[in-house]
1. Checking Ser166 against (1) open to solvent by less than 30 Å² (accessible area, probe 1.4 Å); (2) in a loop (DSSP other than H, G, I, E, B); (3) more than 27 Å from Ala253 (Cα to Cα); (4) of a type outside the set (Lys, Arg), only one condition comes out false. Which one?
2. Go through the stretch 188-240 residue by residue and tally those that are hydroxyl-bearing (Ser, Thr, Tyr) and within 30 Å of Leu21 (Cβ to Cβ).
3. Going through the stretch 219-239 one residue at a time, which ones are within 23 Å of the chain's Cα centre (by Cα) and under 22 Å from Tyr300 (Cβ atoms)?
4. Search the stretch 385-406 for residues that are within 19 Å of Lys44 (Cα to Cα) and open to solvent by 30 Å² or more (accessible area, probe 1.4 Å) and pair each with any residue that is within 12 Å of the ligand (Cβ to nearest atom) and of a type in the set (Lys, Arg) when their beta-carbon atoms are under 8 Å apart and the residues are at least 6 apart or on different chains.
5. I'm trying to understand the selection: among the residues of the stretch 206-223, which are under 13 Å from Val149 (Cβ atoms) and buried (at least 17 other Cβ atoms within 10 Å of the Cβ)?
6. Do the conditions hold for Gly325, that is, is it small (Gly, Ala, Ser) and touching a strand residue (DSSP E or B) at 6+ places or on another chain (Cβ under 9 Å)?
7. Going by the conditions given, is His56 at negative phi, part of a helix (DSSP H, G or I) and within 16 Å of the ligand (Cβ to nearest atom)?
8. Which residue, of Asp85, Asp157, Asp134, Asp147, is open to solvent by less than 60 Å² (accessible area, probe 1.4 Å) and acidic (Asp, Glu)?
Amino acid sequence: MGDYKHIKVPAGEQIRIVNGLPETPAHPILGYIEGDGIGPDIWKAAQHIFDEAVEHCYGNTRKVAWMEIYAGEKGNAVTGSYLPDETLTAIEEYQIAIKGPLTTPVGGGFRSLNVTLRQKLDLFACVRPVRHFDGVPSPVLKPEDVDMVIFRENTEDVYSGMELASGGAKAEKLKHFCETEFGWKINDLSGLGLKPISPSCTRRLVRAAMKYAIKNHRKSVTIVHKGNIMKYTEGAFMKWAYELVKEEFGDVAISWDECKGKAGGKILVKDSIADIFLQQVLTRPREFDVVATMNLNGDYISDALAAQVGGIGIAPGANINYETGVSVFEATHGTAPKYAGLDKVNPCSLVLSGVLMFEHIGWVEVAEAITQAVTRTIGSKIVTYDFARLMKDAKEVKCSEFAQAVVEHLPA
Ligand code: NAP
């Protein structure tokens, strides 16, 4: 344990996972990956807020021992690999980590490091709470009506990486097999990909969403799918989700079909086809609460909903395996390379991902203090460029200055 070539393990204690839940010591070792592009700027800002908030809440009785782990461009510079094995080992051993964004080349090059991390660590649930903070500019009339938590399946679907390039021998072989065995007509030179959706991965994702809904007193869980078109993948996801709810949560949840919307105090479980869902979250957002969906839908839905409450600059995310307890909290935006090193961008996505992390490890006072401080700072119209350009009379500050303002707005 802790015998790494490049990672330096700080003095501190390891978090233990008991029944999938963290038991947090006073000086927990938490891993962090700075990230590429704007990553170092937002990590510096976020870490400043985290450390000050912990001290603010607990004095010197508790403190995080931060352990830098490497991935992306810094990973390559330090270790010679964009995703070194010891990074995966360290996250598995120390269970909980937080990360900035990592670069992924489009249409070639290496595979997304984010997707690889999620799949290698089997972080099956991507959890993205979407709510509005007072004063944050939004393109919709009533952003305060948006209060949803998306559970996106993280390991399957067209993200599983089973893709074959156009014109390659393997794509031709699969095309030939599909044509001869199934009579499927596939256009010449098609790139091909598989969309696996399994009952086991569906069930564990929906179970996590249901448990979250119960714990957080949420009113409904909506299963979002395109099962009308993709019957045996997305349609099956819906069917398996309802079956799971009936088998394991029948005492606390009821499906729309059983009650026609009158849940009588139970959690209402309903489903929605993805395209109409994307309309209704705009026109009737109050009807949606916890959302459970597959990987690709979840990706689009997360960003679309984030836009309703102020954009990806403020949307937090967590990738969690609720069975092993291993989790990686992360900013949901990318590396925004044109702003790298300018100390300019909004650190809120990473900061609020930290809020999720502190909630997860049970340091709820820290999570609450940071949430309040961010709300107050934005309420005082102290914001980074992205919000300033949409707000009247805002004071535009740098990323680091925003972090300092958040620290100064920590509640008494
Ligand atoms: P992006 O980095 O998210 O940036 C797109 C735009 O979003 C920026 O130009 C900026 O808008 C705004 N933005 C992003 N982060 C912001 C922040 N913290 N504060 C304020 N505004 C912010 O998306 P991209 O340009 O498509 O992707 C760049 C790289 O990031 C790619 O390699 C991609 O693969 C990678 N990526 C990584 C992750 C991840 O690590 N989880 C996620 C998505 C993308 P304005 O130009 O309007 O100011």
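The values are calculated or read from the model by the stated rules, or taken from the named source; none is laboratory data. It should be emphasised that the depicted structure is a prediction, and the values quoted were computed from it without experimental measurement. Positions of Cβ are generated from backbone atoms using ideal geometry, with glycine treated the same way; all protein chains shown enter the neighbour counts. For accessibility, only protein heavy atoms count, side chains too; no ligands or nucleic acids. Shrake-Rupley method; radii C 1.70, N 1.55, O 1.52, S 1.80 Å.
1. (1)
2. Matching residues across the stretch 188-240 total 6.
3. Once the filter is applied, which keeps residues that are within 23 Å of the chain's Cα centre (by Cα) and under 22 Å from Tyr300 (Cβ atoms), the stretch 219-239 yields Ser220, Val221, Thr222, Ile223, Val224, His225, Lys226, Thr233, Glu234, Phe237, Met238.
4. Partner pairs satisfying both residue conditions: Tyr385/Lys344; Lys398/Lys344.
5. Answer for the stretch 206-223, where residues must be under 13 Å from Val149 (Cβ atoms) and buried (at least 17 other Cβ atoms within 10 Å of the Cβ): Ala208, Ala209, Met210, Tyr212, Ala213, Arg218, Ser220, Val221, Thr222.
6. It is true that Gly325 is small (Gly, Ala, Ser) and touching a strand residue (DSSP E or B) at 6+ places or on another chain (Cβ under 9 Å).
7. Spelling it out, it is not the case that His56 is at negative phi, part of a helix (DSSP H, G or I) and within 16 Å of the ligand (Cβ to nearest atom).
8. Matching residue, one of Asp85, Asp157, Asp134, Asp147: Asp157.
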